[in-house]
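The structure appears below as structure tokens.
The values are calculated or read from the model by the stated rules, or taken from the named source; none is laboratory data. It should be emphasised that the depicted structure is a prediction, and the values quoted were computed from it without experimental measurement. Cβ: placed from backbone, ideal geometry, glycine included. Neighbour counts: every protein chain shown.
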Ligand code: NZQ
Ligand code: ZN
């Protein structure tokens, strides 16, 4: 194992009824609470009513901040920060998925920081030497794992940049995770969120060191779990066991545990984020298009690890196969799984119509230092063209 330091400051409450049981106690130290949420799904499924009732019964002043869009924008962050300042908000309660949680993390900084948080913390990494507003989250869709980290992915529409930073000071103080809240997530989003989780695990697993290590062992078990649970949830969307496993798997992929001692790649995410900045596509679907093509490009750089993935994650028998053959079979098993789930496999399906724009998007992608093969912008353009 490589050296590491580990701390996760989010206190996590998992299970049916956790909001009813714990929310009032968790907001006890703040009088003015910002209730931030997305486009309205929580109003249809009763989560909003439940949260508002608990806050009202606890005598809180509730400041509503609705309308956080998928792929949250910097303009929305500034709108939330201005409202928080104007109304004297003491804590933020984000109710939703990755988009709501990420937007709330950035608001928690922008509401107290005197400068421009995009310039100082997103356009480049910064040092958070102040306390953001306290944040708590109620998770309503499984996928990003944002509930247990300080990561926030924000789109600057003006600059055409979508980028994520992970500041431990932004870790939610608490995360309430009731899997029954995810039952109303439509199939398309459930599948794309599940694929995002699998993608986080792969982006971590396919990076050095590759000697036997606990983080890779855990990642293999978790990847097998996501594949099993996605299949089960597609077969029966009401399967609580599958849905609750998917919710915890999403958190496990991004709560830093399987990243301990790993370099981590995340080149695919860096490419997908820029696609998102240009065409505002769904995050998990963007990854589903790119990841197998990216792995076809790089699997020759670490055939042993891709062969191990084929055997240990997909159960492909190794007998009679070369390491290279097995490595390729693992990547093709991934591509077949994406098809089986009905996820898209071309950029056209994501809504991209003009091939000429690909050069500009490729040129704007950041390059990962953790990849088995350090990409160039030309290679990224090749991958995009192949995906088109
Ligand atoms: O907005 P509403 O009406 O609530 O609907 C949402 C939204 O349309 C809907 N939804 C959520 N809970 C629901 C529900 N619909 C019915 N029933 C429920 N219980 O789901 C849709 C998608 O929500 P969103 O939050 O956008 O999805 P996701 O959780 O996939 O988040 C995506 C964002 O997170 C970023 C992505 O780039 C993207 O911007 N990421 C954040 C990461 C992090 N902070 O660690 C890591 C990821 O790699 C990712 O980049
Ligand atoms: Zn992701």
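Some observations on this one:
- Residue count, segment 323-367 (criterion: surrounded by 14 or more Cβ atoms within 10 Å (Cβ to Cβ), assigned to a loop (DSSP other than H, G, I, E, B) and over 23 Å from the mean Cα position of the chain (by Cα)): 0
- All positions within segment 55-70 that are more than 11 Å from residue 34 (Cα to Cα) and either buried (at least 18 other Cβ atoms within 10 Å of the Cβ) or within 16 Å of ligand 2 (Cβ to nearest atom) (or both): 68, 70
- When segment 233-283 is limited to residues that are part of a loop (DSSP other than H, G, I, E, B) and within 13 Å of ligand 2 (Cβ to nearest atom), the one that is nearest to residue 180 (Cα to Cα) turns out to be 282.
- Close pairs (6 angstrom Cβ cut-off, 6 or more residues apart or separate chains): under 15 Å from residue 146 (Cβ atoms) and modelled with pLDDT under 95 in segment 272-286, within 9 Å of ligand 2 (Cβ to nearest atom) and not in a helix (DSSP H, G or I) anywhere: none
- Residue within segment 77-93 that is surrounded by 22 or more Cβ atoms within 10 Å (Cβ to Cβ), within 18 Å of residue 41 (Cα to Cα) and in contact with a strand residue (DSSP E or B) (Cβ under 8 Å, 6 or more places away or on another chain) present: yes
- Elements of type strands (runs of 3 or more DSSP E) in segment 121-169, at least 1 residues being under 19 Å from residue 68 (Cα atoms), within 11 Å of the chain's Cα centre (by Cα) and modelled with pLDDT of 95 or more: 151-156, 161-166
- Of all residues in segment 109-163, those that are in contact (Cβ under 8 Å) with a residue 60 or more places away in the chain and within 16 Å of ligand 1 (Cβ to nearest atom) total 23.
- Residue satisfying condition, being within 15 Å of residue 74 (Cα to Cα) and surrounded by fewer than 23 Cβ atoms within 10 Å (Cβ to Cβ), within set 166, 116: 116
- Conditions (1) part of a helix (DSSP H, G or I); (2) in contact with a helix residue (DSSP H, G or I) (Cβ under 7 Å, 6 or more places away or on another chain): number failed by residue 210: (1)
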